Number of protein chains: 2
Amino acid sequence: MMATSGAVTPGRLPRWGEAELVDCDVRVAVSSVDVLRPFLQPRWQDYMAEGGVGTIGAERYPKLPGPSVDLHLLRDRLLDRWQARYAVLNCGLEISSLHNEDWALAMARAVNDWLATEWLAHDTRLRGSIVVPPQSPGSAAEEIDRLGRHPGFVQVLLPVRAETPLGKRRYWPIYEAAERNRLAVGIFAGGTSGNPTTPVGWPSYYLEDYVSYAQAFQAQVVSLVSEGVFTKYPRLRVVLTEGGFTWLPGLMWRFDKNWKGLRREVPWVDRPPSQIIRDHVRLTTQPLDEPDDPKHLVETIEQLGSDELLMFATNYPHWQFDSDEGVLPSGLPREVEHRILAGNAHDTYTF
Amino acid sequence: MMATSGAVTPGRLPRWGEAELVDCDVRVAVSSVDVLRPFLQPRWQDYMAEGGVGTIGAERYPKLPGPSVDLHLLRDRLLDRWQARYAVLNCGLEISSLHNEDWALAMARAVNDWLATEWLAHDTRLRGSIVVPPQSPGSAAEEIDRLGRHPGFVQVLLPVRAETPLGKRRYWPIYEAAERNRLAVGIFAGGTSGNPTTPVGWPSYYLEDYVSYAQAFQAQVVSLVSEGVFTKYPRLRVVLTEGGFTWLPGLMWRFDKNWKGLRREVPWVDRPPSQIIRDHVRLTTQPLDEPDDPKHLVETIEQLGSDELLMFATNYPHWQFDSDEGVLPSGLPREVEHRILAGNAHDTYTF
């Protein structure tokens with residue numbers, strides 16, 4: 001699964017003849033709803049034409065610089081350049097903001113068929129995430145079952161900013177369908193839930209909003225564990241993308257401690273939350289909340305208590321990804337690097 | 001200011017002849033609104049009698065075991081036992097939940113006069129925090145000015161779960177009054193703002209609620225820095241009590257990184273947020289989100305990047321405080337221990 005030879009230059013991506021690389025988070029955007037029309041039933045094409053729908057918040061700030069990602073650019077700049085074995089494509093279309101549940105499902109189906117037709121069919125290195133309407137878990141499960149046997153899809157994608165914490169019973173049909181189809185559940189930095197983006201109300205600046213994304217991820221981890229999702233679905237893996245990971249050690253310590261005092265509330269959480277997290281939650285590496293002192297990052301990764309949690313991602317083409325430098329923490333043992341670069345992805349996704 | 005001799009047994013409280021001790025968070029509760037009646041104008045006594053108000057959420061879960069804290073118990077179990085030099089009394093009465101702003105101010109005044117009369121006047125080691133109605137910043141500032149010259153008060157107390165992030169302009173009269181009166185601003189784990197207690201909606205269990213408090217503290221730190229509170233009030237110190245601190249290194253890394261990309265939004269944040277936090281934010285040590293491996297806690301404290309941030313607190317009599325064991329992280333250099341035990345409190349509070 002992993003090559004073990006070859007020198008890895010700390011702080012730089014290795015040459016990819018040496019170790020296998022899996023990029024667990026490449027963002028593809030629907031540049032306009034027009035590209036989805038061929039994949040929509042006439043009913044929904046008419047609905048959108050009559051309603052004058054031209055865009056539905058396909059991408060959030062920051063806007064992508066330059067041209068949209070297309071397949072040629074992706075091959076040239078990512079797959080070929082780094083000899084990636086696989087790349088997982090995530091489309092962050094804001095399906096969750098559509099109040100018409102039938103339309104939301106139709107749009108999710110269209111995105112998935114567009115992904116399969118325009119991307120996955122053209123390059124054997126590409127894999128995709130199934131977009132679903134989280135506000136309609138039953139419909140989401142149907143969509144997961146529709147595509148579950150398609151070899152190109154390896155994950156179900158949910159936005160971290162959900163209407164309610166994602167551990168709630170209402171979402172369980174999604175997890176059941178994901179487990180049934182051997183798909184991971186990816187949670188990405190997006191969503192327009194209506195909830196204030198911090199637990200103390202709406203902030204003023206995008207800086208606050210962006211920094212606060214880490215808190216939404218924290219809340220979802222706490223919810224998924226506390227509600228017993230991983231007890232009910234023991235084969236389920238959840239992948240947190242774009243949320244960072246430096247907050248996880250402190251959260252696990254806090255969560256374990258308070259679980260000891262309050263476990264009667266959640267009898268299905270039958271071992272320390274940190275153990276459940278280590279068994280079921282994975283986190284992508286980019287964007288990286290990098291400290292000035294690289295030693296602190298290595299300490300933080302050690303504090304995770306497992307080499308199986310981190311999975312390499314470029315988050316291509318987002319702004320945080322500027323160069324080959326700094327996309328992988330430096331100073332890690334080589335075997336840990338290799339787990340991050342490919343091994344953990346192979347254990348998480350059914351390629 | 002600090003004694004520097006004497007052996008400190010790691011993981012246990014030292015004998016307090018050796019180093020000075022300041023307890024920065026002792027909780028006192030208003031057991032019933034009856035105790036406040038002598039400090040309320042007849043108008044408000046009538047208002048509450050006619051409205052049948054018997055309690056206003058004086059304390060949140062978990063309920064205190066056994067008798068309420070009284071002065072004799074506090075002396076016996078805390079002040080004398082550990083030879084504390086000072087103890088800061090914080091009363092978490094939920095003033096912020098009162099929708100009648102005049103009543104909220106009257107109740108805050110009553111609590112403060114009760115604190116001064118029934119506690120501070122009886123023991124020279126006691127200091128207090130001024131309770132204010134955060135929903136009425138102008139009234140809060142008046143109350144701060146009323147008590148600012150009372151030598152017993154060293155801090156203004158705000159609940160972390162506010163209606164909006166605490167950096168917002170509307171709260172600035174509070175910070176201005178605190179700075180004018182040489183008072184710190186303490187933010188404690190409380191408040192009933194109406195906002196969901198996580199950024200992704202209401203959780204199901206108290207376990208989630210309690211673990212999520214750390215996120216409310218994170219959001220407030222981000223707000224206070226982003227809005228420019230510390231640029232406007234350069235002598236202001238904010239003390240986070242009961243919120244833990246192990247989340248702070250990761251938050252500073254994330255905040256600094258994103259500030260570099262988005263600083264045009266917040267031009268008054270003219271240096272990395274972590275530097276501003278280190279200059280202005282202090283955190284109490286109890287309850288402690290303690291990892292299994294004490295080494296990880298020492299690493300985390302080093303990652304704070306300053307020995308001036310942590311201040312000892314027992315959080316007496318809350319449930320997290322069980323024994324002498326574990327109230328101070330073990331394995332710290334002695335000079336750091338002494339800063340935590342007393343030095344940082346002396347630099348923060350005007351005793």
Amide H of A:Val239: which non-local residues (sequence gap of 5 or more, or other chain) have their own amide H closer than 5 Å, using H built in the peptide plane? A:Val185, A:Gly186, A:Ile187, A:Arg282
Here the correct list, in nm and shortest first, of distances from B:Ser306 to the same site in the other copies, label points 7 Å along Cα→Cβ, is 3.5
Would you mind checking which residues have amide H under 5 Å from A:Val28's amide H? H placed 1.01 Å from N; only 5 or more apart, or other chain. A:Asn90, A:Cys91, A:Gly92
Quick check: from the Cα gyration tensor, does the protein assembly as shown come out rounded (a/c under 1.5), prolate or oblate? prolate
With 5 Å bins from 0: P(r) over the range A:205-351, alpha-carbon pairs, percent: 2, 9, 18, 22, 20, 15, 9, 4, 1, 0
According to a simple spin-label model (label point 7 Å from Cα along Cα-to-Cβ), what is the distance in nm between A:Phe351 and A:Ser306? 2.1 nm
Spelling out what I want: for every residue of the range A:338-344, take phi, set θ = phi - 60°, compute 6.51 cos²θ - 1.76 cosθ + 1.60 (Karplus), and round to whole Hz; glycine and proline get x. 5, 4, 5, 6, 7, x, 5
Between the range A:127-192 and the range A:68-125, what's the alpha-carbon centroid distance in Å? 15 Å
With the label set 7 Å along Cα→Cβ, A:Glu176 is separated from its counterparts in the other copies, in nm and shortest first, by 5.9
The range B:18-348 - convex hull of the alpha-carbon atoms, volume per residue in Å³: 137 Å³
What distance in nm lies between label points placed 7 Å from Cα along the C-beta direction at A:Asp270 and A:Arg149? 3.4 nm
Helical contribution to [θ] at 222 nm, DSSP H n ≥ 4, -39,500 (n - 2.57), averaged over chain B, rounded to 500: -10000 deg cm²/dmol
Label position 7 Å from Cα toward Cβ: report the copy-to-copy distances for A:Ala121 in nm, one decimal, ordered from shortest. 8.5
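Just checking the output field for B:242-252: average partner chain Cβ neighbours within 10 Å of each residue's Cβ?
Per residue, the average neighbour count from other chains is 6.
Using a Förster radius of 60 Å, what is the FRET efficiency between B:His122 and A:Asp76 based on their Cβ-Cβ separation? Nearest 0.05, please.
It comes out at approximately 0.20.
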Quick one: if the Förster radius is 30 Å, what FRET efficiency do B:Asp293 and A:Arg235 give, using the C-beta to C-beta distance and rounding to 0.05? 0.55
For a 22 Å ceiling on Cα separation, which of these pairs sit above it: B:Lys168/B:Lys232; A:Lys295/B:Lys295; A:Lys257/B:Lys168; A:Lys257/B:Lys295; A:Lys168/B:Lys168? A:Lys257/B:Lys168; A:Lys168/B:Lys168
Which of the helices in chain A, when you take each full DSSP H run, stretch at least 18 Å along the axis at their Cα atoms and have an average Kyte-Doolittle score of 0.0 or higher? A:206-226
Per residue of B:184-194, how many C-beta atoms from partner chains lie within 10 Å of its own C-beta, taken as a mean? 1
Name the long-range amide H neighbours of A:Ile130: under 5 Å, sequence gap of 5 or more, or other chain; modelled H, no Pro or chain starts. A:Val154, A:Gln155, A:Val156, A:Leu157
Where is the GNM fluctuation largest for chain A (alpha-carbon springs, 10 angstrom cutoff): A:Arg27, A:Arg282, A:Arg271? A:Arg271
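Values in this text are rule-based calculations from the coordinates and carry no lab data. It should be emphasised that the depicted structure is a prediction, and the values quoted were computed from it without experimental measurement. Here Cβ is always computed from backbone atoms with ideal geometry, including for glycine, and neighbour counts include all displayed protein chains.
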